[in-house]
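Report on the following structure.
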Amino acid sequence: MLKHPPHKHLKKKRHFKKGEAEKKASKAKEPLPFFVAFGLSFFAFLLILLPILIGLVALGFFEAKYHDKFYPGVFVGGEKVGGKTYAEVFSYFEEKVEELKKNGFSVDFENLKGTKKKVVIPISTQGLTPDNSIEYFIINGWEKDLQKAYRWGHGINVFRSSIEQLTLLFTKKNFNFSSTLQKEAVDSLLEDELYGFLNKSTPAKFLSVNNKISVSREKIGEKINREEVIDVLKDKLSKFNMDPVTFRAYEDIPTITQEKLEPFLGFAEKIAKEVSLVFQYQKHKWNIKGTKLVIWLTVKGENEIGIDRIELEKYLTSTVSKFIENPPRNSRFEIQNGELVEVVSGKMGNVINTDKILEQIEKILSEERTSSSSEGRKIDILIETIETEPKITKDTIEKYQIKNLVGEMRTSFKGSSADREHNIKIGVAAVTGILIAPGEEFSTVDSIGHVSEKEGYVKELVIKENKTTKEFGGGLCQIATTLFRLALNAGLPITERVNHRFVVHYYDPPGLDATIYGPHPDLRFVNDTGGYLLLQARVEDKQVIMELYGRKDSRSVEISNPFLYNKIPAPSTKYVRSKDLPIGTTKCSETPHDGVTTNVLYTVNYPDGTFKEINFKSIYQPWQKVCLVGTAH
């Protein structure tokens, strides 16, 4: 009987069991599918993966189908452009731009009677001189806005482009044009066009006729919300939308009514009979009878009677101011023997203290309301003034260590109209004495401030359709041009500058002018001298003279002579019949000028050996002479 070796069978069994265990252990060490590791079933994993795959396929489809087209979901100016080529969309909006330049915006206004008036807002209005041509809106640079819309989803950055494409699957993306509406110019045009079309509201007031005091009835007027008109036009311009729009007038009810004034009629009669005022300043006297004083009365608050400040200021301006108003004068400086010397000392100024006069008159009124006396009173009111100090004195120069003349410039406005010369003087007064801090960007528009009749500016004649009308403009660009040349002379970096549309003879040679119309275009430059700069400006002998004082370094400036090319002949004179002028009368704009393009090279060499160079390219349109021929009998 054969005998097996002892434990041989057991050893095989152990070996078998050990191999089985190793296999199980190795299986346990094998990595699990990642979706199992996250606690997901294979089915759940597919549910997550599927949308991603669909998205990638969709993106691939997008990329293949729209590689040369706007992506679906992209809108320009509110219009769907998805699926169209750049050339197609460019051509479409180019036609709209040309139509807008040719026809402008058409706006209808409707008064309370239902009568309509159409007002056309052109891109610009031609003045009697090129300097006084008014731009109502600017549409330059629309091509860049279109390119921005086209690049949505077409960018170089693949990840970002993919995100942009994905967003278009769920929402649309609109791009508007960044054109500029000149609010002040449009507002002025609307004021002129609507004058006489809308009835003006008139508040109730006390009247004195043949020594009899009465209360006039208020007159309800009509009003257009001009802010709404401006906002709508801005929106239409941003979309190149020229569809006509209608604005309806609403009632303009005065706050001062007959009902509010009548309870004070007895008091007004008492003032007319018993009170008279005498304004006194030094040897000058102005008598205000009670019948004049009652016209200034108005309701204040719930149950108070007082003086209408606007009426009082009108009277003081027309009578007293010319004997009193004396604005402060800044110090003037010159460089003498290499030193900055004060040649004209600053002078205190004074203005009428209107608040004090108003307070005195209303105190008299208050006393009269509680007085039972019927005796006449003649009351003296002394005109007081407020002293105001000059902004720039010798102390200013010492405080900011201003020692050198950094730049100077003068431009001539000889031959300007009286209105233009007036505006230049007001604008020069606004900018003189300004301190520009190190690193600060100077803005001409901000420095001049608001331009309106309230600030003393006057309107100039422009040609609109077949008549002349007045608009704000002309004069202030003389200041901008002088500042531009001053900054160049000082070697300062120019950060914003736009030339005029036409060649302006005041600013010869062409290529070195600057136009402004707030908020843009503006003339801006930066003070990079490391110290404060003081701007001083004045008007002398039909010239604007400007100087910059500060701490001069050894930078040098080179300004090339303008290089003129691409001349475009001016069109022949245009004659327009005008019922605005009497028959036999002709009124013409300035003589024609050819269009031209200029280049001016501006180079600044700095003390450290570096330099900066910029080419100012200016494109001027041809200026057509326009003559209005009178036909009115």
Helix-derived mean residue ellipticity, 222 nm - over the chain, DSSP H n ≥ 4, -39500 (n - 2.57), to 500: -10000 deg cm²/dmol
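Between S321 and K219, what length in nm is gained on full extension when 0.36 nm per residue of separation is reduced by their alpha carbon distance?
33.5 nm
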Eligible aspartates and glutamates near K223 by straight Cα distance, threshold 15 Å, same-chain separation 8 or greater: D108, E110, D187, E191, D192, E193, E251, D252
Segment 154-248: C-alpha gyration tensor shape, a/c 1.5 cut-off, then a/b vs b/c: prolate
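Taking 56 Å as R0, compute the FRET efficiency from the Cβ-Cβ separation of S178 and R377 and round it to 0.05.
Values: r = 65 Å, r/R0 = 1.15.
It comes out at approximately 0.30.
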Separation of the E95 and V629 label points, Cα + 7 Å toward Cβ, nm: 3.7 nm
Highest-first arrangement of 247-254, 218-225, where packing means the average Cβ count within 10 Å: 218-225, 247-254
Residues with amide H under 5 Å from that of N199, placed H, sequence gap 5 or more: E222
Where a label projected 7 Å from the Cα of K289 along Cα→Cβ would reach, residues of segment 373-403 with amide N under 16 Å: 376-379
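When you count, for each residue, the other Cβ atoms within 10 Å and take the mean per peptide, how do 231-240, 204-213 rank with the highest first?
Details: 231-240: 18.1, 204-213: 15.3.
Averaged packing, sorted descending, gives the order 231-240, 204-213.
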Flagged links, alpha-carbon separation over 20 Å, of K96/K236; K322/K414; K300/K322; K283/K425; K113/K234: K322/K414; K300/K322; K283/K425; K113/K234
Using θ = phi - 60° and Karplus 6.51 cos²θ - 1.76 cosθ + 1.60, couplings along segment 240-252 (whole Hz; Gly, Pro as x): 6, 8, 9, 4, x, 9, 10, 10, 9, 6, 10, 5, 10
Calculated from backbone phi, Karplus (6.51, -1.76, 1.60) coupling profile of segment 589-599 in Hz, x at Gly/Pro: 7, 4, 4, x, 10, 5, x, 7, 10, 10, 10
Interchain or long-range residues, amide H under 5 Å from I379's placed H: S276, L277, V278
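Let me know the shape class of segment 84-154, please: from the alpha-carbon gyration tensor, a ≥ b ≥ c as square roots of the eigenvalues, rounded when a/c is under 1.5, otherwise prolate if a/b is greater than b/c, or oblate.
Details: a/c = 3.20, a/b = 1.64, b/c = 1.95.
Cα axes put segment 84-154 in the oblate bin.
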Cleavage-rule hits, GluC sites (Glu not before Pro), segment 119-192, DSSP coil, Cβ neighbours within 10 Å at most 15: none
Net lengthening on full extension, K65/Y250 (0.36 nm per residue, minus Cα-Cα): 61.3 nm
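Relative contact order (percent) for the chain, with alpha-carbon contacts under 8 angstrom and 6 or more residues of separation?
Numbers: 1190 pairs, mean separation 66.7, N = 633.
That works out to 11 percent.
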Lone cysteines, the chain (no partner Cβ under 4.7 Å): C477
Rounded to whole Hz, the Karplus (6.51, -1.76, 1.60) HN-Hα couplings of segment 153-158, x for glycine and proline: x, 10, x, 6, 6, 5
Point-to-point label distance, K80-E110, nm (Cα→Cβ direction, 7 Å offset): 3.1 nm
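Roughly speaking, to the nearest percent, how much of the chain's 1.4 Å accessible area is carbon and sulfur? Please list the in-between numbers first.
Values: 18810 of 35640 Å².
Looking at the chain in its full context, I get 53 percent from C and S.
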Gained length - V57 relative to E302, 0.36 nm times residue gap less alpha-carbon distance: 80.9 nm
Distance in nm between pseudo-label sites at N615 and S345 (7 Å out along the Cβ direction from Cα): 5.5 nm
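May I ask you to order 551-563, 66-78 by the average number of other C-beta atoms within 10 Å around their residues, highest value first?
Details: 551-563: 13.9, 66-78: 18.5.
Descending mean neighbour count gives 66-78, 551-563.
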Aspartates and glutamates with Cα under 19 Å of K542, excluding same-chain neighbours fewer than 8 positions away: D131, E408, D419, E421, E460, D508, D513
Relative contact order (percent, whole number), segment 523-604, Cα cutoff 8 Å, 6+ residue spacing: 33 percent
Amide H partners (placed H, <5 Å) of E496, local residues excluded: R524
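The values are calculated or read from the model by the stated rules, or taken from the named source; none is laboratory data. None of these values were measured; they are calculated from a predicted model. Because the Cβ atoms are built from the backbone with ideal geometry, glycine has one as well, and the counts that use them run over all protein chains shown. All accessible areas refer to the heavy atoms of the entire protein, side chains included, with ligands and DNA or RNA removed. Shrake-Rupley method; radii C 1.70, N 1.55, O 1.52, S 1.80 Å.
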